[in-house]
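Student: Supplied in structure tokens, the structure appears directly below.
The values are calculated or read from the model by the stated rules, or taken from the named source; none is laboratory data. Please read these numbers as outputs of a predicted model, since none were measured by experiment. Neighbour counts run over all protein chains shown; Cβ positions are idealised from the backbone, glycine included. Accessible surface areas use protein heavy atoms only, side chains included; no ligands, DNA or RNA. Shrake-Rupley method; radii C 1.70, N 1.55, O 1.52, S 1.80 Å.
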Amino acid sequence: MSPPVYLDHAATTPVDPRVAAAMAGCLGADGVFGNPASAGHFHGEAALERVEAARAAVAAAVGADPDEVVFTSGATEADNLAIFGVAEHARPRGRHLVTARTEHKAVLDPCHELERRGWQVTYLTPDERGRIAPERLAAALRADTVLVSLMHVNNEIGTVQDVAAFAAVCERHGGARLHVDAAQSVGKTALDFKAGGADLVSLSAHKSYGPKGVGALLVSRRRGVRIEPRQFGGGQERGLRSGTVATHQVVGMAAAFALAVAQREAEATRLAALRERLWCGLEAHGGAIRNGAPQDTVAAILNVSFAGVEGESLLAAVAPRISVSTGSACTSASGEPSYVLRALGRDERLAEASLRFGLGRSTSAADVEEAIEAVGAALSRLRRIGGGCVTAP
Ligand SMILES: *Cc1c(COP(=O)(O)O)cnc(C)c1O
């Protein structure tokens, strides 16, 4: 039997073969395997050159300057560095943060930890489409607010937030830095660090056909952002992230980002058509509720709740034919209903009976038809059982 169709591109993506080739060139004896921090000899210098070229390419892909890029092990580490880094640095000025209930765990958990250590955090609630109103943010800011952390593209429902409006609110406040988790953004929507006005932005390679285990934190130089490091050692990455930079990983991230940006507009158009076909097909099965509105979500994500079925059974029923998630890969292990959908106002049962379809580079029209079919078959079987048409002995 063939493996199920992969419709989980919001959780991770395969590495593009061109990206893998670039990475392979930085590993073996005949490649650029040196330590980029070993200046002064040939092999170290060659590696440093690759790392700096990668830094320039990542910066170019997101509208940043090369010296604003701090490489990390992924967006989780970048989020932690931004949140703890600002909180520690601004500690004498205030200990209040603002974020949203719909953020990724990599933002929420550092906030919870700061609360445990004596900071105060305000959690904003989105509207039913997943949007955070800038006025709500403005109302939550206090004299002692030092950081606002709000994401760009939501990983479960795909909602794109108005980062420029958040930046304007923080600018008026004067004392609050803006951190943006943009792990889902590259290749799915336009991201311009300078124009967007954020102070700090987290990036990840593996949501954009790059390798897992690498990302970056953009730290605005122009805006004079200062953060405390969390990790100490060799002083790499301007002292903000000590540790040998993984040449093959950052080279992979740079190659993946360049491809993603080059293909972005064409892909968005193609995926938008596929997503609307998918939604029409699912809607025709009855009892489908769309989470997130098409006009403010990226084309790559469709999240749907299904009335009249139980979540776990639905996922199990479709699993042999399509690989989809109920929500974040990081929370699906807990078996809890999606807190993102709960924050949008969905009740527990509906939040549980939801599927997130992630469309990507490998998604074809045939894959979409397979998904519509598979969900339809699962729904009619489960609803027959749940609806009492099958009489119990
Ligand atoms: C995947 C993801 C993360 C975590 O990124 P890693 O690179 O896997 O650590 C953080 N935030 C969002 C929105 C994500 O989608």
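Student: Step through the residues of the stretch 178-184 one at a time and calculate ³J(HN,Hα) from phi using the Karplus curve (6.51 cos²θ - 1.76 cosθ + 1.60, θ = phi - 60°), rounding each to whole Hz and writing x for Gly and Pro.
Tutor: Working through the residues one at a time gives 10, 10, 10, 7, 10, 4, 9 Hz.
Student: Under the Karplus relation 6.51 cos²θ - 1.76 cosθ + 1.60, θ = phi - 60°, what is the ordered set of whole-Hz ³J(HN,Hα) values for the stretch 285-301, x standing for Gly and Pro?
Tutor: For the stretch 285-301, the Karplus curve yields 6, x, x, 9, 10, 7, 9, x, 8, x, 6, 10, 10, 5, 5, 7, 10 Hz.
Student: So if the hydrodynamic radius of the chain is defined as the Kirkwood radius over C-alpha pairs, what does Stokes-Einstein give as its diffusion coefficient at 4 °C and 1.567 mPa s, in µm² per second? The partial results should precede the final answer.
Tutor: On the way: Rh = 21.9 Å.
Rounded to a whole number, D works out at 59 µm²/s.
Student: So, one more: At a Förster distance of 45 Å, what's the computed FRET efficiency of CYS280 paired with ALA21, Cβ-Cβ distance as r, to 0.05? Provide the component values of the computation, followed by the final result.
Tutor: Values: r = 39 Å, r/R0 = 0.86.
It comes out at approximately 0.70.
Student: Still on this structure, please answer the following. Please give, to one decimal in nm, the separation of the simple spin-label points placed at SER73 and ARG172, each 7 Å out from Cα toward the Cβ.
Tutor: 4.1 nm
Student: Hey, what number do you get for the chain at 222 nm if only DSSP H runs of n ≥ 4 count, each worth -39500 (n - 2.57), divided across all residues, to the nearest 500? Spell out each step's value before the answer.
Tutor: Details: 12 runs with 155 residues, N = 393.
-12500 deg cm²/dmol, from helical runs alone.
Student: Run the numbers for ALA319 and HIS112: contour at 0.36 nm per residue of separation, minus the present Cα-Cα distance, in nm.
Tutor: Working: separation 207, 0.36 × 207 = 74.52 nm, distance 3.35 nm.
Result: 71.2 nm gained on full extension.
Student: What is the Cα radius of gyration of the stretch 1-154 over 2.2 N^0.38 Å, N being its residue count?
Tutor: On the way: Rg = 20.5 Å, N = 154, 2.2 N^0.38 = 14.9 Å.
That works out to 1.38 for the stretch 1-154.
Student: Fully extended, how many nm does the chain gain between SER364 and ALA262 (0.36 nm per residue separation, minus their Cα-Cα distance)? Mind showing how you got there, number by number?
Tutor: Numbers: separation 102, 0.36 × 102 = 36.72 nm, distance 1.98 nm.
Full extension of this stretch gives 34.7 nm more.
Student: Count the DSSP beta bridges whose two residues both fall in the stretch 123-280, then state the antiparallel fraction as a percent rounded to the nearest 5.
Tutor: Details: 6 of 12 bridges.
Here the share of antiparallel DSSP bridges comes out near 50 percent.
Student: Using Cα positions and a limit of under 17 Å, work out the aspartates and glutamates in reach of LYS194, with same-chain residues fewer than 8 apart set aside.
Tutor: Answer for LYS194, where 17 Å is the Cα cut-off: ASP65, ASP67, GLU68, ASP162, GLU171, ASP181, listed by chain and number.
Student: Please give the contour-minus-distance gain from ALA293 to ALA60: 0.36 nm per residue of separation, less the Cα-Cα distance, rounded to one decimal in nm. Mind dumping the intermediate values first?
Tutor: Values: separation 233, 0.36 × 233 = 83.88 nm, distance 3.04 nm.
Result for the pair: 80.8 nm of gain on full extension.
Student: Within the stretch 17-258, what percent of beta bridges assigned by DSSP are antiparallel, to the nearest 5? Write out the running numbers ahead of the final one.
Tutor: Working: 10 of 24 bridges.
Given both bridge residues lie in the stretch 17-258, the antiparallel proportion sits at roughly 40 percent.
Student: Which percent of the accessible heavy-atom area of the chain goes to carbon and sulfur, probe 1.4 angstrom? Intermediate values should be presented prior to the final figure.
Tutor: Values: 8730 of 16210 Å².
Carbon and sulfur: 54 percent of the exposed surface of the chain.
Student: If you don't mind, another one. Please compute, for the alpha-carbon atoms of the stretch 127-281, the extent along each of the three principal axes and give them in descending order in Å.
Tutor: Principal axes ranked by extent give 51, 44, 23 Å for the Cα atoms.
Student: Just to be sure I understand the model, the point goes 7 Å from the Cα along the line to the Cβ. What's the resulting ARG221 to PHE42 distance in nm?
Tutor: 3.2 nm
Student: Give me the accessible area per residue for the chain, probe 1.4 Å, as a whole number in Å².
Tutor: Using a 1.4 Å probe on heavy atoms only, each residue of the chain averages 41 Å².
Student: Between ARG349 and SER2, with labels modelled 7 Å along Cα→Cβ, what's the label distance in nm to one decimal, could you check?
Tutor: In this crude spin-label approximation the distance works out to 3.7 nm.
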